[in-house]
Amino acid sequence: MNTQDFINMEEQYGAHNYHPLDVVIERAEGVWVYDVDGKKYLDCLSSYSAVNQGHVHPEILNALLEQAKKVTLTSRAFRNDQLPLLYKELSEMTGYDMSLPMNSGAEAVETAVKLARKWAYRVKGVPRHQAEIIVAGGNFHGRTVTIISFSTEPLYRDDFGPFTPGFVIVKYGDVDAIEKAITPNTAAVMLEPIQGEAGVIIPPAGYLKKVAEICKQNNVLFMADEIQTGLARTGKLFASYHEDVRPDVVIVGKALAGGFYPVSAVLADKPLLGLFTAGEHGSTFGGNPLAAAVARASLKVIRDEKLAERSAQLGEYFIEQLSEIPSPHVKEVRGKGLLIGVELKPEAHGARRFCEALKGKGILAKETHDNVIRFAPPLVIDKETIDWALPSIREVLNMK
């Protein structure tokens, strides 16, 4: 079967809830992926930062295979020998007392929402069922009904109401708006340190630090959604660290399992995560031994291969090179580490055609927010590979 055969089959039998580029990948290694017709491509998306460690990293693969031979699932009705080790290693790496593992990023966000509400009722003294969480316009935290209830993207909302109450939306990057929105019922402020799906939107310098200070002054939790930005993607373990901010709650996912398995987690200190009691929240697959073993290996690779440092160094170089491309279509290049957005001018007629042209030259990138090309390769990329890609990127950004 060739590429078109697979595409036809997918279109016939699958729900059309995505609009992928027409490449059918059958194998991958490091920063490279290969399609069913034998063509080779540089992956500049990293599965939305899920494969920071590179595709099919041998150490993570070995952990997966070895654990799969032993036991994969026990449910949380019984204990297993991998989850306690993951708890300990997450704590040692991040500095948070405790963690609560789930599967998808959206599940971890839902967990954080429930945690903030319970804290508001049990600790802060907010009247029951009146807690509010402040979020930012342009956010992307997932697609469950509760999460789309505080999205500002009509596509995610229009046909899926009624919505979950309890959320206040303010402008991203506006500290004053957050301060004005806080009431006695405010439980938390939840933000992405960099808004990925909105187009790699970086807030003004000092924004996160000021938000964290305002939260502390008002007895409000500061929760950072680091699902896309965390685990070395932006040049530090967490993007919040760029402003020396330690959120009360950190939400992680994607690269927590290096692309091998869905694993997410909420990180916080004991006074917060210690509020959960048996039976209040959970997941059959959350914290299963296979997931824990894979996550442990994924964290080890981030640490041992110094992926945060690599991202900082190579991201600075990549952004500098992209910024120097003379193109009539480019409005702005922005990013931190290897999370980079190239925003196009309105007259460029969208980023999709540029991504399709890049595919033709062996580079896979994806449009986000219609007019932004995201460049976010696995953090194991090297300077030579970036230099290989740059001439093709220059050519595409100058096409008519």
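Every number in this text was worked out from the coordinates using simple rules, so none of it is lab data. Predicted model only: the values in this text are computed from it and were never measured. Here the Cβ is made from the backbone with ideal geometry for all residues, glycine too, and neighbour counts use every protein chain on show.
Numbers at a glance
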quantity	calculated
Backbone HN-Hα couplings from phi across region 330-347 [Karplus 6.51/-1.76/1.60, Hz, Gly and Pro as x]	8, 8, 7, 10, 9, x, 9, x, 9, 10, 10, x, 10, 8, 9, 6, x, 6
Extension gain from GLU309 to LYS39, taking 0.36 nm per residue of separation minus the Cα-Cα distance	94.1 nm
Extension reserve of the LEU155-ASP244 stretch, reckoned as 0.36 nm per residue once the Cα distance is removed	28.5 nm
Loop trypsin sites (Lys or Arg not before Pro), region 93-141 (other Cβ atoms within 10 Å of the site Cβ: 16 or fewer; DSSP)	ARG128
Extension gain from THR277 to GLU324, taking 0.36 nm per residue of separation minus the Cα-Cα distance	11.5 nm
Estimated distance in nm for a label pair at ALA181 and GLU395, the labels positioned 7 Å out from Cα along Cα-to-Cβ	4.5 nm
Ordering of 138-148, 185-195 by burial proxy (mean other Cβ atoms within 10 Å per residue, highest first)	185-195, 138-148
³J(HN,Hα) computed for each position of region 354-366 - Karplus, 6.51 cos²θ - 1.76 cosθ + 1.60, integer Hz, glycine/proline x	6, 5, 5, 5, 5, 4, x, 9, x, 10, 9, 10, 9
Non-local Lys pairs in region 107-263, i.e. 8 or more apart or on different chains, that have alpha carbons under 22 Å apart	17
Region 58-304, relative contact order in percent, only Cα pairs under 8 angstrom and at least six apart counted	32 percent
Qualifying chymotrypsin sites (Phe, Trp or Tyr not before Pro) for region 19-110 [loop in DSSP, other Cβ within 10 Å: at most 11]	PHE78
Exposure proxy ranking, count of Cβ atoms within 10 Å, fewest first, for SER75, SER327	SER75, SER327
Computed E for VAL123/GLU213 - FRET, C-beta separation, R0 22 angstrom, nearest 0.05	0.65
Theoretical ellipticity at 222 nm over the chain - DSSP helices of four or more residues, -39500 (n - 2.57) apiece, nearest 500	-10500 deg cm²/dmol
For the chain, size of Cβ-based charge dipole, Lys and Arg +1, Asp and Glu -1, in debye	940 debye
Summed side-chain charge close to GLY105 - residues other than GLY105 whose Cβ falls under 13 Å, Lys, Arg +1, Asp, Glu -1	-4
Residues whose placed amide H lies under 5 Å from that of LYS331, excluding near-sequence neighbours	GLU343, LEU344, LYS345
Value of relative contact order over region 312-400, rounded to a whole percent, pairs C-alpha under 8 Å and six or more apart	29 percent
Backbone HN-Hα couplings from phi across region 99-105 [Karplus 6.51/-1.76/1.60, Hz, Gly and Pro as x]	9, 10, x, 10, 10, 8, x
Charge tally in the Cβ shell below 14 Å around ALA257, where Lys, Arg are +1 and Asp, Glu are -1, ALA257 excluded	0
Exposed-loop-free span, longest in the chain, where GluC sites (Glu not before Pro) count as exposed if DSSP calls them loop and at most 13 other C-beta atoms lie within 10 Å	1-279
